[in-house]
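I have placed the structure first, in the form of structure tokens, so that the comments after it can refer back to it.
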Amino acid sequence: MVELKCYTTANEGLKSKGVEVVVDCVIEEAAVINDISDVRGIIEKHLEAVFKDAGKGILVFDSNESIGSTHMLYRFKYRALDTSGEYISVRIIVRNNRASRILFTIPRGYVHLVRFENMYNPLRELHTNNEEGPGAPGQTYIPNMIVYNILGVPSIDVARWRLEVVGSVEKPVSLSLKDLYELGVETLRVNFHCVTGWSVGGLEFTGVRLSRIMEIAAPRHNVKWMFTESLDGYTTIVPYSDGVKGIVALEMNGKPLDILHGYPARLIIPHLYGWKSAKWVSRIILSEEYRDGYWEALGYHPRGRVDLEERFKRY
Ligand SMILES: Nc1nc2c(c(=O)[nH]1)N[C@H]1C(S)=C(S)[C@@H](COP(=O)(O)O)O[C@H]1N2
Ligand SMILES: [Mo]
């Protein structure tokens, strides 16, 4: 059996989609991928290391997708013979034709079969140089943003909506849309980069600097992470030092945000991939400890810097 470095993670957004836990494993031997049968071979080898009953189910190819110009994501479904409709979804992340990571998303009925309970350490991912690199490697420019709402579009009651900043802060804040405008807005002209490989240039977002909001909330000195929750149940996380460079955007190209783009407010953190720019944001939680948001639990990077191509976790 292969020796694996794996850890497990979970969050509410994934649970709402029937995923109880995710097992994320580093593929140690740099396995070269030439075709789909190589991918299948890797999965088969890992199944028995990850699950107590492996080898008894059916493994079916589902889809593959290129992520930027350097990465490919393969999806398979693994169905054990003794369960009804439920299946384990398997994802393999391939970088420059080498399999680097394998993830299993596990519905409730399977959890007891999982062998792992380690913790992921995001700090190892942040040691790379902190100088700003050039441009957006592996991206292709397109004219308009593609709308994503992985957990649906929430219904909004702006009169009740608040942006809360809580957690490791001296003064928790709760801001209405009017409060935000009264703090003063600025317009940024930015390029926006989705991790899947598309970018849009020259978008204008108007909003309140997160650094301004943090002046009011007064984060404690131990704060390392900024975790965001949205009205649709979406979550994501960024290092605090990256998050404070962003804005809480209220307008796009001179008009209030369209509902599909996150009305009444979304984050815009231009130097990080788009999944970090949470739409319909309602709460910002500052903390010393890391935890995965929706996409981070599926293998995406804890920071997501565009210039360094931080698409997926590496450690
Ligand atoms: N709440 C929420 N925020 C989200 C997402 C989402 O599904 N839900 N998708 C993210 C992704 S992957 C990208 S690329 C951008 C896309 O922004 P747009 O939908 O305004 O084009 O939103 C990000 N913010
Ligand atoms: Mo994205």
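Of note:
- Going by neighbour counts of Cβ atoms within 10 Å, the residues Phe312, Phe116 line up, fewest first, as Phe116, Phe312.
- Charge dipole of the chain (Cα centre as origin; +1 on each Lys and Arg Cβ, -1 on each Asp and Glu Cβ, all else neutral): 160 debye, rounded to the nearest 20.
- Near Gly293, the amide H atoms lying under 5 Å from its own belong to Ile237; only residues 5 or more places off or on other chains count, and H is placed 1.01 Å from N.
- A quarter of the convex hull surface defined by the alpha-carbon atoms of the chain gives 16.5 nm² as the mean projection.
- If you take the Cα centroid of the range 3-76 and the Cα centroid of the range 160-177, the two points sit 38 Å apart.
- Cα pair distances in the range 8-122, grouped into 5 Å bins until the bin that holds the longest one, percent each: 2, 11, 23, 24, 21, 13, 5, 1
- Rounded to the nearest 20, the size of the Cβ-charge dipole of the range 190-271 about its Cα centre is 260 debye, with Lys and Arg at +1 and Asp and Glu at -1.
- Isolated Cys in the chain, by beta carbon distance under 4.7 Å: Cys194
- Each peptide among 5-14, 153-162, 118-127, 300-309 gets the average number of other Cβ atoms lying within 10 Å of its residues, and from highest to lowest they stand as 300-309, 5-14, 118-127, 153-162.
- Furthest towards positive pole of dipole, Trp161, Ile102, Gly133, structure part the range 96-200, Cβ charges: Ile102
- The dipole here belongs to the range 1-131: it is taken about the Cα centre, uses +1 on the Cβ of Lys and Arg and -1 on the Cβ of Asp and Glu, and is about 180 debye.
Bear in mind these aren't lab numbers, they're just calculated from the coordinates by the rules spelled out. This one's a predicted model, so the numbers in the text were calculated from it and none came from an experiment. As a convention, Cβ positions derive from the backbone with ideal geometry for all residues, glycine included, and neighbour counts pool all protein chains shown.
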